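Structure first, commentary second.
The values are calculated or read from the model by the stated rules, or taken from the named source; none is laboratory data. Keep in mind that this is a model prediction, so the values were computed, not measured. Here Cβ is always computed from backbone atoms with ideal geometry, including for glycine, and neighbour counts include all displayed protein chains.
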Amino acid sequence: MRISFNWLRRYISFDSTPEDAAQILTSLGLEVEKIEHLGKHLDGFVVGEIFSVEKHPNADKLTVCQVRVEEDSASLTQIVCGAPNVRTGQKVAVGLVGATVPRNQHDASGRPFVLTKVKLRGVESNGMICSEYELGVGDDAQGIMVLESNAVVGKTLAQHLGLDDVVLEIGVTPNRPDCLNHLGVARELSAAINGKLVFPDITAGKESSEKISQFLNVEIVNTADCPRYSAKTIFDVHVAPSPEWMQNLLKAVGVRPINNVVDATNFVMYELGQPLHAFDYQHISGKKIVVRTAANGERFTTLDGKEQKLSPNMLMICDSEKAIAIAGVMGGLNSEISEKTTSVVLESAYFSPLSIRRTSKQLGLSTDASQRFERGIDPNGTIHALNRASALIAELSGGKPLEEVIDNYPNKISSREILLRVSRVNQILGTHLSAEDIQKHLSSIDIHAEDIRTANSSSKTFRCTIPTFRPDLEQEIDLVEEVARLYGYNNIEDKMVSAIDFKSLHVSDATASDIARSWLEANGFHETISNSMIDSSSAELFSQHLVKILNPLSKEMSVMRPSLLPSMLQNVYFNQNHGTKDAHLFEIGRVYQHKSAENSSDVVHGFQEEERLGICLTGRKYARTWFNGDRLADIFDIKGIVESVLFKIPLDKIRFIYYDSSSPLTVQTIGIEINGTYSGYLGKVSSTLLQRFQIENDVYVAEINLSNVKKEERSFRQFSPRSKFPSVLRDLAFIIPKEAFVQELQSEIYKSSGNLLKQVTLFDVYEGKNLPENVKSVAFSLQFVPDEKTLTDSEIDAAIKKIVDALNRKFGAELRRV
Amino acid sequence: MLHDVQQGGIFYFIDSDYCAMTIVQNTLADEIVALRRAAEKRFSELRSVDDLEKFRVEFLARKGSIGELFDKLKTVPNEQKPGLGKQLNELRSFVESLFESLQQKLNPGKKGEEAAIDLTLPGRTVPKGTLHPITQTLNDIVAIFTSMGFAIATGPEIENDYHNFEVLNFPPDHPARDMQDTFFISEKILLRTHTSPVQIRVMEHQQPPIRVIMPGRVYRNEAISARSLSQFHQVEGLYVDRNVTFSELKGTLVTFAREFYGKDIKYKFRPSFFPFTEPSLEMDITCFICSGKGCPMCKRTGWLEVLGAGMVHPNVFRNVGYNPEEVTGFAFGMGIDRTTALRHGIPDLRMLLENDVKFLEQF
């Protein structure tokens, strides 16, 4: 909401600066987001009168002008001018030495420049006569800007152009419709500075005493949506531009002046908050206004020239034949005020906020009027506004209003009464305000608080009468806020909570995701946070149960991700295009699915959210350093990371599932089972998927569901006694068929060796040179740990023989001498 | 001109022309003192490993100055031997410690054996990972509130209209809903626009006293720009008990802000509007980028809006079955992404979701 400081001061005497006003209003909850000094760019420019124009002695295209720039002085300022249209007697815009010309028309970039005293071809020049372009008030750069002949010499140009105003841009919260106008804001300011409001004059000049009923009747069919409809007629109107003062004020708040009738209605809306509409009486058939809802499929052309499709719940203003306005939203083209208009019907109504909001939403048409109606205007202000507007129109257009108004008010809305306990105010705020203080604060915003005697006299209670322009004040707590606001939030003590009971201090357990996060960070991974909303076509690759957004911002953000993989690939793609080919990334975030099947564990029925850990490796595992050669990451890197992370969580019951065939999304895929539940996978992203995301290098990923890992499912490790006897290490290498699995070999080693074998570590895998085609060599380091006594060689040899025999039997493994 | 001067049994010639002092005759005790001074002086002149070796030969070698004094010890009367021997031992260990200290400095490797190693080679570093700056901010905020006794709760991001709006005192078709442009999944299901529905879910499942913070991801259907994202993070707080006051709300927020933004920040509170709190407030702190002078970050106001809060609206209490005459409470909420951008000087919020490694590795 733009509030003009000049306009505001019509209703309150306020001697301090706009900045002071802004600070006060902000502290009351009317946050001033911006202060705009309208004429600031015109500082140093004045209205001047050209006294004489002479040819420049040394230049054909220049003239030497003597210009009067002070109101009560005959002294002249010499300015050299290059404009072709400069003439003696013109009133012009003069930039004095020191002023900054907003735009330089002799410079391609149009940058501002500061005027200095200069000599132009030997002749002194003390300023500049400016064009519209240079002043930034228009685009004409052909010649100087010539002002109206009645312009007052010496006035600042800002004053002359009506720009000597300051606009306070206020972010009015939705609960304060009463502050969407200047009088409302003035009322707040006045409460804070203990000032006195000056109400606008609504006494009309001559009003005709003819009966209005012979000219107009109003019928409200839908009284629920239109509790009140007031109207007035004005005859003999001369439509013309409105006076400068009104145009300036309207322009300052961002309203385009149209003509004296329309401007007067807008002016009153910005003054009092009551939206008004003016109809051309000539175009109202049957001397009748009917307020009814639209017919199904009805069409109507609004003032902006657009045809609107109406629905049956929309409230319309009609005459005896046709619709003439969408109630509270916008008038119709068919009854608009034009230059030919001589008779006007002014509408001042109160419509139900809900009805207007619905209509405005459905039509996608939000106007100054609809915004006020849907927040709630003062239902008891219609007549006042009507009289104010008709007085203005009479004054500006010479029109003659009828004295009588039509006021159809079937459902009277009266002032609300709310009981306010002094004790409650202090209980909520933690203050010790007296009853008198509270009463004083409330009365400063026109809330009458009457002391009512209660049986329990220890606490005073007020019966508060709420003015109808404050629809937001509905119950006691709302009045508590009013008191707090007027007393000043910053005057209330900042008290540390003493009541906090540290016995119940929550000690947060590190969750599985916390542990994974810190382990991955410590091991060189960067955490990412990606958008949960992704492109539907890539999402479809991952799930059939997508959560789709009805009103997405764009196609790229139209569904909720069903997997972290698309986010991770998007991140790899982004980095690849920004010159980063090696990326070790992880993300802990939710994935979303929509399965309507009955599932009692859903918080919101039919929707599942799951927290997952995604890990992604691409490019080199190690960058080249003096101690490490570089090496590309591979499947065993991602597998090892997953093993380590899960071990740290800690989770011990992990099983990898080796698939025969891989999915279309990943190859070399390994399923991950945690505590017997399938919980994710790791693998190499398939080339089809890489192509889809335009990724050049291999990407290795893992995605694990962490929602399943509840605290109680995490392992809690128990102590196991350490042997007092020395352990023995033996290395064994086997030649085995290429297709044999190391994991199976390893478990067979454990199984066949008896309980002395504590650990088997694979330390070498070799195929190629010196070995037949179809075999590979695998070497294990075996650690034997005795429980009761030192082991003898023969005991170990016996154990090893068992192992070698078993492997030979099962896999055809041959012992290879190392 | 030379004078004879006798002083404490020690004879000096004082050369008045040069003022230099020379020891001409001495007892062993005096020689020990003099040698100590000489060693100190020589030590201060040492610059290189070679110098140090010369120093060692001069003083510590078997035929060095200290060795000579030990030889002389044999000639002193027996009754003086223990005292002087002790002094000599002290001298020797003093000079040795000088030698070793410098040896350490000039050659910190193993004594002599591996002197050839270039210790300026870079260490074998492990790759440095990072937590996302949003996570770091969130962790810091959560740590402050958990230390004040707040527990942590989370809730679904796909919410129903009832929890996101209705119970929170946003009636259907109310203009307050315009404050939060919403992504809809269906007519009554939406992406939560704030973390406040988690408040409701907590209150629906437990009785006061309640003290909980609720971090999470939220969504707004707003055009994405340097200053606004359609997906961002919030932390919400809720405290409900008997006689919780607005004054305590302010105190809690001030405590938090001092802890998080710095002890010396200036702050102010101003009235605001949220349907689910009454009275409602917003808290501003002096812009820490321009120290209140006014800059683009604070829209030239010198103030930064850091959080919104208020006393839980009695309608909300009634909606979850609490009696507003029995309990009062406060709630607060703040945006994490904007806070993160502010504290790290990140000029464009969109960078937070790009996941550029060159960006992430800076934090």
* Condition check for B:Gln180: closer than 30 Å to A:Met496 by Cβ and more than 10 Å from every other protein chain (Cβ to nearest Cβ) -> no
* Structure fact -> Counting only residues that are closer than 24 Å to B:Met334 by Cβ and assigned to a loop (DSSP other than H, G, I, E, B), the range B:182-206 contains a total of 7
* For A:Asp451, which of the numbered conditions (1) within 14 Å of chain B (Cβ to nearest Cβ); (2) outside any helix (DSSP H, G or I) fails to hold? -> (1)
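Among the residues of the range A:748-786, what is the count of those that are more than 30 Å from A:Ser723 (Cα to Cα) and either loosely packed, with under 13 Cβ neighbours inside 10 Å or β-branched (Val, Ile, Thr) (or both)? Steps first, answer last, please.
From the range A:748-786, those more than 30 Å from A:Ser723 (Cα to Cα) are A:765-777; that's our starting set.
Going one step further and asking which of them are either loosely packed, with under 13 Cβ neighbours inside 10 Å or β-branched (Val, Ile, Thr) (or both), we end up with A:765, A:768-770, A:772-775.
Counting residues in the range A:748-786 that are more than 30 Å from A:Ser723 (Cα to Cα) and either loosely packed, with under 13 Cβ neighbours inside 10 Å or β-branched (Val, Ile, Thr) (or both) gives 8.
To keep it simple, each residue is scored yes or no on (1) modelled with pLDDT under 95; (2) under 26 Å from A:Glu404 (Cα atoms); (3) among the basic types (Lys, Arg); (4) not in a helix (DSSP H, G or I).
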{"site": "A:Lys340", "(1), (2), (3), (4)": "yes, yes, yes, yes"}
{"site": "A:Val345", "(1), (2), (3), (4)": "no, yes, no, yes"}
{"site": "A:Ser348", "(1), (2), (3), (4)": "no, yes, no, yes"}
{"site": "A:Ile356", "(1), (2), (3), (4)": "no, no, no, no"}
{"site": "A:Gln362", "(1), (2), (3), (4)": "yes, no, no, no"}
{"site": "A:Ser370", "(1), (2), (3), (4)": "no, no, no, no"}
{"site": "A:Phe373", "(1), (2), (3), (4)": "no, yes, no, no"}
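Give me the residue from the range B:124-142 that is charged (D, E, K, R) and outside the structural domain of B:Arg338 (by TED's automatic domain parsing) and, out of that set, surrounded by the fewest Cβ atoms within 10 Å (Cβ to Cβ). So that I can check it myself, show each step before the final result.
So in the range B:124-142, the residues charged (D, E, K, R) come out as B:124, B:128, B:140.
Those left that are additionally outside the structural domain of B:Arg338 (by TED's automatic domain parsing): B:124, B:128.
Values: B:Arg124: 9, B:Lys128: 12.
Selected residue: B:Arg124.
Sort through A:Lys802, A:Lys810 and tell me the only one that's touching a Leu at 6+ places or on another chain (Cβ under 9 Å), assigned to a helix (DSSP H, G or I) and among the charged types (D, E, K, R). Walk me through how you get there before you give the answer.
Numbers: A:Lys802 fails: touching a Leu at 6+ places or on another chain (Cβ under 9 Å).
Step by step, each of A:Lys802, A:Lys810 is checked, and only A:Lys810 is touching a Leu at 6+ places or on another chain (Cβ under 9 Å), assigned to a helix (DSSP H, G or I) and among the charged types (D, E, K, R).
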* Asked: Which one is farthest from B:Ile134 (Cα to Cα) among residues in the range B:347-361 that are among the charged types (D, E, K, R) and either facing chain A (nearest Cβ under 7 Å) or under 24 Å from the mean Cα position of the chain (by Cα) (or both)?
  -> B:Lys358
* To do: Kindly establish whether B:Glu278 is among the acidic types (Asp, Glu), more than 29 Å from the chain's Cα centre (by Cα), farther than 23 Å from B:Ala226 by Cβ and buried (at least 18 other Cβ atoms within 10 Å of the Cβ).
  => yes
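Can you confirm whether B:Thr182 is more than 36 Å from the chain's Cα centre (by Cα) and under 16 Å from B:Pro275 (Cβ atoms)? Before the answer, list the steps.
Working: more than 36 Å from the chain's Cα centre (by Cα): yes; under 16 Å from B:Pro275 (Cβ atoms): yes.
So B:Thr182 passes the test.
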* To do: Tell me which residues, restricted to the range B:149-173, are buried (at least 20 other Cβ atoms within 10 Å of the Cβ) and at the interface with another protein chain (Cβ under 9 Å from one of its Cβ atoms).
  => B:Phe150, B:Gly155, B:Pro156, B:Glu157, B:Ile158, B:Glu159, B:Asn160, B:His163
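Which one of these is in the same structural domain as A:Gly143 (by TED's automatic domain parsing), within 40 Å of the chain's Cα centre (by Cα) and modelled with pLDDT of 90 or more: A:Val114, A:Val80?
Values: A:Val80 fails: within 40 Å of the chain's Cα centre (by Cα).
Every option except A:Val114 fails the conditions.
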* Asked: Quick check: anything in the range A:34-50 surrounded by 19 or more Cβ atoms within 10 Å (Cβ to Cβ), in the same structural domain as A:Val94 (by TED's automatic domain parsing) and aromatic (Phe, Trp, Tyr)?
  -> yes
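For every residue, the table says whether it meets (1) part of a loop (DSSP other than H, G, I, E, B); (2) surrounded by fewer than 20 Cβ atoms within 10 Å (Cβ to Cβ); (3) among the basic types (Lys, Arg); (4) within 12 Å of chain B (Cβ to nearest Cβ).
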| position | (1), (2), (3), (4) |
| --- | --- |
| A:Val591 | no, no, no, yes |
| A:Ser596 | yes, yes, no, yes |
| A:His605 | yes, yes, no, yes |
| A:Glu610 | no, yes, no, yes |
| A:Cys616 | no, no, no, yes |
| A:Phe627 | yes, yes, no, yes |
| A:Phe636 | no, yes, no, no |
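What are the residues in the range A:181-221 that are charged (D, E, K, R) and under 24 Å from A:Glu403 (Cβ atoms), if any?
Keep residues of the range A:181-221 that are charged (D, E, K, R), which gives A:187-188, A:196, A:201, A:206-207, A:210-211, A:219.
Those that are charged (D, E, K, R) and under 24 Å from A:Glu403 (Cβ atoms): A:Asp201, A:Lys206, A:Glu207, A:Glu210, A:Lys211, A:Glu219.
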* To do: Check A:Asn551, A:Asn571 and return the single one that is within 30 Å of the chain's Cα centre (by Cα), at the interface with another protein chain (Cβ under 7 Å from one of its Cβ atoms), loosely packed, with under 14 Cβ neighbours inside 10 Å and among the polar types (S, T, N, Q).
  => A:Asn551
* What is the residue count in the range A:393-432 for residues that are outside any strand (DSSP E or B) and closer than 30 Å to A:Ala264 by Cβ? -> 17
* Out of the residues in the range A:126-155 that are polar (S, T, N, Q) and buried (at least 17 other Cβ atoms within 10 Å of the Cβ), which is modelled with the lowest pLDDT? -> A:Ser131
* **The lone exception for A:Lys769 - which of (1) in a loop (DSSP other than H, G, I, E, B); (2) touching a residue at least 24 places away in the same chain (Cβ under 8 Å) it fails** => (2)
* Just a yes or no: is a residue in the range B:297-320 assigned to a loop (DSSP other than H, G, I, E, B), more than 9 Å from every other protein chain (Cβ to nearest Cβ) and out of contact with any Cys (no Cβ under 8 Å at 6 or more places or on another chain)? -> yes
* Asked: So which residues in the range A:523-543 are within 13 Å of chain B (Cβ to nearest Cβ), surrounded by fewer than 23 Cβ atoms within 10 Å (Cβ to Cβ) and more than 31 Å from the chain's Cα centre (by Cα), if there are any at all?
  -> A:Asn523, A:Gly524
* Does the range B:225-269 hold any residues that are in a loop (DSSP other than H, G, I, E, B) and either within 12 Å of chain A (Cβ to nearest Cβ) or among the basic types (Lys, Arg) (or both), and which are they? -> B:Ser225, B:Arg227, B:Ser228, B:Leu229, B:Ser230, B:Arg242, B:Asn243, B:Val244, B:Thr245, B:Lys263, B:Lys266
